[in-house]
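The values are calculated or read from the model by the stated rules, or taken from the named source; none is laboratory data. Given the structure is predicted, the values throughout are model-derived calculations rather than measurements. Neighbour counts are summed over all protein chains in view; Cβ atoms, including those assigned to glycine, are modelled from backbone coordinates with ideal geometry.
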Amino acid sequence: MNILISNDDGVFAPGILAAKQAVEDLANVVVVAPNENNSSVGRRLSLFKHLEINSCELEDGSSAYSVSGSPADCVIVGADYVMDEKPDLVISGINQGVNISCDITSSGTVCAAFEAVSLGIPAIAASLFMDPKTSFKQDENGEWYVDYDFSLAKKVLHDIVLKIKNDGFPEGVDLFNLNVPSNYDSEEVKITSLSHKMLDKKVIDNTHKEKEQIFNYPLDENQNSDDLIMIISDLVKKYDEDSDGYALIVEKRPSLTPLDVNMTSKKLNNWQI
């Protein structure tokens, strides 16, 4: 079995190493990922633009490839150029953050998996939901850092790939969207559907009481802070019981959503122009 692994957090992100370690006993693994963070770029492609590809080394000393493009670019480059033959499976992740609901179309992680499907390759998009109460910690100097606990995510991803290796991808499913909580009440995976949405979004400007959030980011030299606005978001609080959000956030258990990339609605029976 040959597996291509990519992500949107960048080739040196801890989640991609965790994904490799989760499945390297099951297959020949090749890592091809963006040379920098590409979160929330969706399925962007770098058409008619030169891409730079470089060999690099992951933290465990294993080899990988960095590409100066998007996650979708990396899947194409990995499957069509780096690997000697088309992979049997593409894994995108493990993303450092949640990817649930119909909002997944903005996710570089999930859209890398979409790109794999367009190449005729089944895929898994894997993400870690980090509980702020347990994931954000302080070091001895009082500095905050994120403690990524991929242990359950690695176990679940391994078990899914093992089942796919033994039984094949289920009929009618193009890809799986996997989300695993770092702080969990149950290790049992729940098969779910997409929630309606993941984020409530709003725009704030420099007159808003939350304007200090704008200045967490460096300004370009030509920007005037008086003219700035920012889109901010909060996780949705309520989810249907069969949804990915309910399993992940309410029940605190892994969510596995089977997806079909053909988004055609079959319900337009009596509607005519």
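Being under 17 Å from the mean Cα position of the chain (by Cα) and either exposed (fewer than 14 other Cβ atoms within 10 Å of the Cβ) or of a type in the set (Phe, Trp, Tyr) (or both), is that true of even one residue in segment 116-133?
Scanning segment 116-133, I find at least one residue that is under 17 Å from the mean Cα position of the chain (by Cα) and either exposed (fewer than 14 other Cβ atoms within 10 Å of the Cβ) or of a type in the set (Phe, Trp, Tyr) (or both), so the answer is yes.
Quick one: in segment 207-231, which of the residues that are in contact with a strand residue (DSSP E or B) (Cβ under 6 Å, 6 or more places away or on another chain) and surrounded by 15 or more Cβ atoms within 10 Å (Cβ to Cβ) is modelled with the highest pLDDT?
Filtering segment 207-231 for residues that are in contact with a strand residue (DSSP E or B) (Cβ under 6 Å, 6 or more places away or on another chain) and surrounded by 15 or more Cβ atoms within 10 Å (Cβ to Cβ), the one modelled with the highest pLDDT comes out as Met230.
Cβ-Cβ distance below 6 Å, separation of 6 or more or different chains: which pairs start in segment 1-18 with a residue that is within 21 Å of Ile164 (Cα to Cα) and end on one that is of a type in the set (Lys, Arg)?
Met1/Lys165; Ile5/Lys20; Ala18/Lys154
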